[in-house]
Every structure is written in structure tokens, then in C-alpha cells.
Amino acid sequence: MTATNRQDKNIGCKSALPILLACLASIGACSRQDAAGGGRGAQTGPVQVGYVELRGESVPLLLELPGRTTAYETSEVRPQVSGIVRERLFTEGAVVQAGDLLYRIDPRVYEAALAQARADLSSATAANNAARMRAERYAELAKTNVISQQDLLDAQSTAEAAAAAVERAKAGTEAAQLNLQFTRVTAPIAGRIGRSFVTTGALVSAAQATPLATIQRLDPIFVDIQQSSSDLLNFRRQVAGGNLARTSTAVQLKLEDGSSYPHAGVLEFAESVVDSSTGSVTVRARFPNTEGLLLPGMFVRAQFAPVQAQDAVLVPQQGVQRDARGNAQVLIVNAESKAELRSVVAERTVGENWLVSGGLRSGEHVIVEGLSRVRAGDSVNAVPAAITATSGDVADPSGANAAAATPSQ
């Protein structure tokens, strides 16, 4: 073979190669299209899908709201008399009982005042006795006209004034005795006492602004929960309409570090005033605090389910789809055994399910298995799915229409 022929042959082979590759690509595409068409066409009968049958039930709705701990009782220990603090008789941070002696104020001035008040009482008593005896003697003399009626009236008036002076002296004595007792500053309530704001030798007065110390009762302890007024209105409207019913008032706490508080609390009451700065209503709960784990001022999150939805419809989460606008949709099996697309209202979750508040009713069949193989309008062979829609524990607090939490007032 000549060189010219070999060159012509190589040029021919290079020209045929792109044509061959294009043919092979076309054949592969046709094969894939036939396979896809054959797979779709092989489904000659109804598509088998799994469904769940809806049923109405009562579902507790969980709320998770921020709160702050507050002491059950708080008392500021203040002096009721003025004087020098001679002794501090408690340990800072200790638990004290009502009536325990905390401070002793110098009593000498008040002892002297009490002694003077007692002397005034004795003097008034003596004067009263003399005036009374004179009035009695004048009354006898007046019967025989030895003295005038005016002298008798004057003697009786003097006796009555002397008796009033005795009562005034008694009151002064009691006041002096109380002031002397106030030099012993005692605990008004039982609880844990904080640091002392005064030391021995300090001058205190009954009108001072600073307390001597503060006592707080921490067992039990309150948690003040903040509930928005808009949710409160929605809650009351739904309760009045029969959509919601009151249920348990038990409350669980999550602490600042994310751990759960081991003891459950109970809702106490809700204030009837809306905070104008925050637009919220305070709901108060009471918790046992025997271990002293909760301290006043701590931030916590309260979880509770004060209401439950009546005849609620639950749909497993895999059965609810969203369109391009985010609207919830489900496929149901209609009376003709065909898949029917239905728009629903699903705004919150309950465990593994969506709580559907509109668009579905009890007794309908929602497709939850085989959704990728069926479209709206397809005939289906519906069989019960292996999953069920149950309420579980309580509703997820992330729902947009969480009910307000206020106990009965």
C-alpha cells in the first residue's frame, strides 16, 4: 500500500468517528426513554399506597414560655426605734425562724423612758384617787346643802379629768414598753437571711431607707411566666367557642443550663393587667424547692399544657407536603379510590404528627406511603399503613397559634 492510500484511509477513519459516537449516544438515549416508558407503562393497574384513617381526639397543647423565679415571701428587716446596734445575733446566709433575735439595739434610753412612764402613771393614779374621793365626799355634802351644786360639779369634773390622765399615762407606759421591746429586732418570717447591711456600732433609725437585712422564704418558690396578651385573647376566644377545653395546671421547668427541674409545679393565677411596656400578662406558678436549687431572679422556661384541642385531627408528618408558597397539602383516597389533592391548615406539630385545624375531617383516609408513585387523580389500591397518627405526649410549642395559659380566676 502506498503512502498516499494510507493517508487517505486515516483521514476517512477520523471523519467517521464523530458520526459513530453520535449514533451511540442516540441509541443510549432511546434505550433510557424506552426503559422509563416501559417502567411507567408496566404500571397498568392502580398504584398501591398506604393510608391512615383520621379520627378526632383531644390533644393537650404544650406551651413553653420564659419566666423568672420569685421568692414565696420576702421581708425586709427594719428598725422600729433609733439607736446604736450593740449585737448582731445571726449568721449571714443561714435559715432563721420567725421570732429569732437578729439584732440588739442599745436599750438604755428606752429603759429610762419606760421608768418615767411608769412614774407618770403612779402620779396620775394617786391624783385620780384623791379626785374621786373628793367627788364622793362632795356628793354626800350636797345632799344636806352644805356645799353648792356648782362645787359638786367641779369636784366631779376634776375626778373625771384625773381618770382620763390615768388612761393617758397607761397608754404612755405601754408605748414605752413597746419601744423597749423594739430594741430587740426579731425575724418577722421564717426563711433564708441574706447579708447584713449594718455592723455592730452603727447608728440606725426608724425612718432609714436601707433595711438591716432581707429574709426570703424559698420553699415553695414562685415562677412568674410571661404570656402575650394577643395569645391570651385567642385562648379565651377559642375556649368560649368550644374549640379548646381547660385541662391540667401542672408545670415543668427547664433551667438556664438546659436541664429539667425534677419537681413539677402548679399554676396559681394570672394577673388581670397587661404590662404596657411588653404587652404581656404575668402567669404565676408555684414549685417545691426543698433542695434550694431555685434561687430568686433565675431565668427559666416553663412548659405546661393548660388547654387541649377538642376533636383534633392528627396527620403523620410524611403525609403533609408543601407547595411553592408553603401551603400545606395532603393526598386523600376519595370514594372512587382515586388520589385527591386537598389543601389543609397545619400550623403546629404534635409529636410525630401535624395538628390539622382545617381541611380534613374524622374518618377520611390520608396517603402516607407511596406518595412518590402517585399523583392527584390516579387510581390507587389503598391499604392501611404501618404507622398511626396518635397524639403522643403534648403538642410542640413552636406552633404559631399557641393558646394562652391562664388558670381559672
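What follows is calculated from the coordinates using simple rules that are stated; it is not laboratory data. Treat the numbers as computed from the prediction; the structure is a model and nothing was measured. All Cβ positions, even for glycine, are placed from backbone atoms using ideal geometry, and neighbour counts span all protein chains on display.
Would you please classify the overall shape of segment 234-366 from the alpha carbon gyration tensor, given that a ≥ b ≥ c denote the square roots of the eigenvalues, rounded means a/c under 1.5, and beyond that prolate means a/b larger than b/c while oblate covers the rest? Write out the running numbers ahead of the final one.
Details: a/c = 2.61, a/b = 2.18, b/c = 1.20.
It comes out prolate by the Cα gyration axes.
For SER123 and ASP151, FRET efficiency with R0 = 35 Å and r from the beta-carbon atoms, rounded to 0.05? Rounded to the nearest 0.05, the efficiency is 0.90. Close amide H contacts of GLU268 (hydrogens built in the peptide plane, cut-off under 5 Å, sequence separation of 5 or more or a different chain): ARG284, ALA285, ARG286. Ordered by the number of other Cβ atoms lying within 10 Å of each residue's own Cβ, fewest first, SER205, SER357, SER196 fall into the sequence SER205, SER357, SER196. Using the Karplus relation 6.51 cos²θ - 1.76 cosθ + 1.60 with θ = phi - 60°, the per-residue 3J(HN,Hα) values for segment 161-168 come to 5, 5, 5, 5, 5, 5, 5, 5 Hz, with x marking Gly and Pro.
Using the alpha-carbon centroid of each, what span in Å lies between segment 89-155 and segment 160-215? When both Cα centres are located, 21 Å separates them. Backbone phi angles across segment 118-135, fed through the Karplus curve with coefficients 6.51, -1.76 and 1.60 (θ = phi - 60°), yield HN-Hα couplings of 5, 5, 4, 5, 5, 5, 5, 5, 5, 5, 5, 4, 5, 5, 5, 5, 5, 5 Hz in residue order; Gly and Pro are listed as x. Which shape class applies to segment 108-180: rounded if a/c is under 1.5, otherwise prolate when a/b exceeds b/c and oblate if not, where a ≥ b ≥ c are the square roots of the Cα gyration tensor eigenvalues? The shape class here is prolate. Inter-label distance, ALA175 to ALA376: 8.9 nm, where each label sits 7 Å from its Cα along the C-beta direction.
Packing-based ranking of 140-146, 370-376, 115-121 yields 115-121, 370-376, 140-146, ordered from highest to lowest mean Cβ neighbour count within 10 Å. If R0 is 60 Å, the Cβ-Cβ spacing of ARG184 and ARG361 corresponds to a FRET efficiency of close to 0.20. Only one residue of ALA135, ALA163, ALA124 has its Cα farthest out toward the positive end of the dipole of segment 108-180, where Lys and Arg carry +1 and Asp and Glu -1 on Cβ, and that residue is ALA124. Net length available on complete extension from ALA206 to GLU136 is 20.5 nm, with 0.36 nm assigned per residue and the Cα-Cα distance removed.
Amide H to amide H, with H built 1.01 Å from N, ASN289 comes under 5 Å of ILE221, counting only residues 5 or more places away or on other chains. In order along segment 71-88, the phi-based Karplus estimate (6.51 cos²θ - 1.76 cosθ + 1.60, θ = phi - 60°) of 3J(HN,Hα) comes to 4, 5, 9, 9, 9, 8, 7, 10, x, 9, 9, 9, x, 8, 6, 9, 8, 10 Hz; Gly and Pro are listed as x. Legend: calculated FRET efficiency, SER230 to ARG104, from the Cβ-Cβ distance at R0 = 56 Å, rounded to 0.05, equals 0.50.
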